[in-house]
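The values are calculated or read from the model by the stated rules, or taken from the named source; none is laboratory data. Source: prediction; values computed, not measured. For neighbour counting, all protein chains shown are included, and Cβ atoms are generated from backbone atoms with ideal geometry for every residue, glycine included.
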Amino acid sequence: MPLALELDNFNRERRELTRISQEEVSLQINSGPSIGHLLLAYGTRFSPGIIGLLASRLVEKHYRPAIVVAIEGDLGRGSARSIPEFNITSALEECQDLLIQFGGHPRAAGFTILSRNIIALRKRLQAIAKRHLAHLSPRPTINIDAHVRLSSLNEENLRFFQNLAPYGEANPTPIFITKGVKVMEALRIGAHVQHMKFRLKQGDVTWDAVAFGHADTWQGNANTLDVVYSVGLNQWRGRSNLRMVIQDLRPAKG
């Protein structure tokens, strides 16, 4: 029990640190004259342990390549996340004279840099991003693998999908769409009530579902939904069960 309490306190502290850091990142990004084709925030108060998460959330919010750099003394440690239209590691290769070391793949990378070179790096990366993205209108897309009814997600099929793991950049998690599911329960959850938790039903099949970051877009008067989702394992207090992890949801038509 003491170990569980210590872990819970650690998680609470990490969430609070993430929240405060997100606010500082947003302040930096939004304080400029405009949001460019690539976002870069830096500071001495960012923890190296969460800069990847901060960069990912910038990408989710703005759909642009994003970098967050944690500065400690003369060194900065950066974590970069990107969109399919922009190879962030190739961009860093064009800036290697400014970097101590770097590595990664097209959608995610990390690097170390002398603190005095960060502003020069941001300027050059923004120019590179403009060169590659200015003629595009990049917007988030979801590649759907199958249109299914909830009854199709039986034990046999779910076992098949589990055997395809591990999932990652070259083997993405299967994404499904199911139309016309009935909303049995809808709750706003999270420390800042930013997420949604649902109980959804189609025919005789009922699923638990979570939609991270969708509290602001939830229309409380929707009785049926079209949902785009993956299937994830929810583990809580020693118990585990399958649930939908919703990527997008809209009121069902007709």
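Results for (1) under 24 Å from Leu58 (Cβ atoms); (2) more than 22 Å from the chain's Cα centre (by Cα), shown as yes or no for each residue.
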position: Asp145; (1), (2): no, no
position: His192; (1), (2): yes, no
position: Lys197; (1), (2): no, no
position: Phe212; (1), (2): yes, no
position: Asp216; (1), (2): yes, no
position: Thr224; (1), (2): no, yes
position: Leu242; (1), (2): no, no
Completion exercise
Considering the stretch 145-154, residues that are outside any helix (DSSP H, G or I) and either in contact with a helix residue (DSSP H, G or I) (Cβ under 6 Å, 6 or more places away or on another chain) or surrounded by 13 or more Cβ atoms within 10 Å (Cβ to Cβ) (or both), and then whichever is modelled with the lowest pLDDT, we arrive at Leu153
Exercise for the section: Please specify each residue of the stretch 89-125 satisfying the condition of being acidic (Asp, Glu) and either touching a His at 6+ places or on another chain (Cβ under 6 Å) or within 28 Å of Ala170 (Cα to Cα) (or both). Expected result: Glu93, Glu94
Exercise for the section: Kindly indicate whether any position in the stretch 117-138 is free of Cβ contacts under 8 Å to residues at least 40 places away in the same chain, over 28 Å from Ala80 (Cα atoms) and loosely packed, with under 13 Cβ neighbours inside 10 Å. Expected result: no
